[in-house]
Amino acid sequence: MQKDQASIIVSQIHIIKPHTCAISGGEPTLSPLFFYIIEHIRSAVNNIIILTNGTTLTDQIVSSLRAYDISNVQISLDGSSSVHSSIRKSSSFADIIQSMRTLKKFEINFWTKMTIMNENMDYVKDFINISQSEGASFCVIGRCKPIGNAASSKIHSELLKKSYSDAYDAANHYGIDLHSEDKFFDIYFSTETQNTPGGCGAGRDMAYIDPFGKILFCPYLPVLCGDLLDEPFMNIWNSSEAYQKLRHIDANKTGKCKNCLYLSICGGCPAVAYAETGSIFESDPHCWL
């Protein structure tokens with residue numbers, strides 16, 4: 001993306017004034033426009049979150065984040081040192097640990113996220129332990145979506161349930177809060193969230209803008225809803241046929257989701273359903289409820 005294209009997106013963010021804007025990648029800190037975007041959206045957004053692999057957070061970068069009043073950073077961590085390194089390959093575990101400590105030094109809140117897959121699902125306790133010992137405010141777990149380079153990474157629902165159970169027990173043991181991207185995790189492990197509105201937020205309270213200014217359902221379900229370089233965001237938000245289909249997904253659900261007690265607060269992940277069945281209306285094959 002060129003700076004003139006980024007300025008168009010920035011201007012749209014100033015119009016819609018979202019409460020939260022998450023900047024991700026790839027690795028977002030490597031973009032030459034990273035701080036340009038932060039600087040120019042800062043006054044329009046209440047909460048900016050940086051989603052990073054944690055290998056580039058030098059004192060200089062973190063001090064700049066602090067200067068822009070960025071107070072929330074998510075760091076990817078996929079288990080113990082050996083497991084994380086075998087999965088990420090190019091990511092240095094030592095650099096990630098140092099990044100956490102640098103964030104602590106500059107008093108920037110951070111949390112960790114583990115993407116669960118067959119290769120690391122037995123190491124969630126290590127993830128929880130490391131996160132707590134390095135001062136993460138909480139942990140997030142989510143599953144690897146079988147899309148793109150991970151298309152062959154399919155997880156059996158009962159194995160996912162065991163891994164989530166292990167993470168839940170470890171979080172209680174180490175005394176750190178645990179959250180999940182999956183609503184069925186909340187439903188299964190916490191009675192407090194069983195009646196809380198939830199489910200996929202795409203097209204409802206969340207929009208995804210790709211590096212080229214296109215608005216898609218989400219990074220894992222690249223259905224085109226519109227192009228910010230061609231038309232205003234609100235036109236796309238209100239008129240996109242793709243968004244209209246997504247907003248009525250519950251009414252058109254099939255499979256076990258259709259008659260599930262928790263359909264209105266869960267509905268599973270449309271991206272996973274599409275990747276494994278070819279339809280966003282099918283049930284989430286990883287749900288064990």
Checked against the positive end of the charge dipole of the chain (+1 on Cβ of Lys and Arg, -1 on Cβ of Asp and Glu, about the Cα centre), the farthest of SER85, TRP288, TYR36 is TRP288
Mean 1/r over distinct Cα pairs of region 27-182, inverted to a Kirkwood Rh in Å, yields 16.2
Considering Cα pairs under 8 angstrom that are at least six residues apart, work out the relative contact order of the chain and quote it in whole percent.
14
In Å, the C-alpha Rg and Dmax of region 3-112 are 14.6, 46
Solvent exposure ordering (accessible area, 1.4 Å, most first) of PHE212, PHE184, PHE138:
PHE212, PHE138, PHE184
Quote the relative contact order of region 114-174 in percent (integer), defining contacts as alpha-carbon pairs under 8 Å separated by 6+ residues.
46
For LYS3, list the lysines whose Cα falls under 23 Å from its own Cα; do not include residues on the same chain fewer than 8 positions away.
LYS17, LYS214
Å² of accessible area per residue within the chain, as computed with a 1.4 Å probe and no ligands counted:
49
Radius of gyration, Dmax [region 123-192; alpha carbons; angstrom]:
12.7, 36
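Report the extension gain between ASP210 and LYS3 in nm, rounded to one decimal, defined as 0.36 nm multiplied by the number of residues separating them, less their alpha carbon distance.
Here the segment from ASP210 to LYS3 would lengthen by 73.0 nm.
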Sites ASP230 and HIS173, calculated FRET efficiency, Cβ-Cβ separation with R0 45 Å, nearest 0.05:
0.30
Accessible-area composition of the chain, carbon plus sulfur, in percent [1.4 Å probe]
50
Projected label distance in nm at GLU39 and LYS105, using a 7 Å step from Cα toward the beta-carbon:
2.4
Could you state the per residue volume, in Å³, of the convex hull enclosing the Cα atoms of region 145-289?
132
Treat every Asp and Glu Cβ in the chain as -1 and every Lys and Arg Cβ as +1, leave all other atoms uncharged, and give the resulting dipole magnitude about the Cα centre to the nearest 20 debye.
140
Please name whichever of THR112, THR102, SER71 sits farthest to the positive end of the charge dipole of region 69-124, dipole taken about the Cα centre and charges placed at Cβ: Lys and Arg +1, Asp and Glu -1.
THR102
The chain: calculated mean residue ellipticity at 222 nm from DSSP helix runs of at least 4, using -39500 (n - 2.57):
-11000 deg cm²/dmol
Once the convex hull of the C-alpha atoms of region 21-71 is built, how many Å³ does it hold per residue, rounded to a whole number?
70
Take the alpha-carbon positions of region 142-231, form their convex hull, and give its projected area averaged over all directions (one quarter of the hull surface) in nm².
7.8
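Below 8 Å, C-alpha to C-alpha, sequence gap of six or more: please give me the relative contact order for region 175-259 in percent.
On the way: 69 pairs, mean separation 14.0, N = 85.
Computed over region 175-259, the figure is 17 percent.
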Enter the accessible area of TYR68 (Å², nearest 10), with the probe set to 1.4 Å and all protein chains included.
60
Tell me which lysines have Cα within less than 27 Å of LYS154's Cα, excluding those fewer than 8 residues away on the same chain?
LYS89, LYS113, LYS125, LYS145, LYS162, LYS183, LYS245, LYS253, LYS256, LYS258
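The values are calculated or read from the model by the stated rules, or taken from the named source; none is laboratory data. These numbers come from a predicted model, not from an experiment. Cβ sites come from the backbone with ideal geometry, for glycine too, and all protein chains shown count toward neighbours. What goes into the accessible areas is simple: the full protein's heavy atoms, side chains included, and nothing from ligands, DNA or RNA. Shrake-Rupley method; radii C 1.70, N 1.55, O 1.52, S 1.80 Å.
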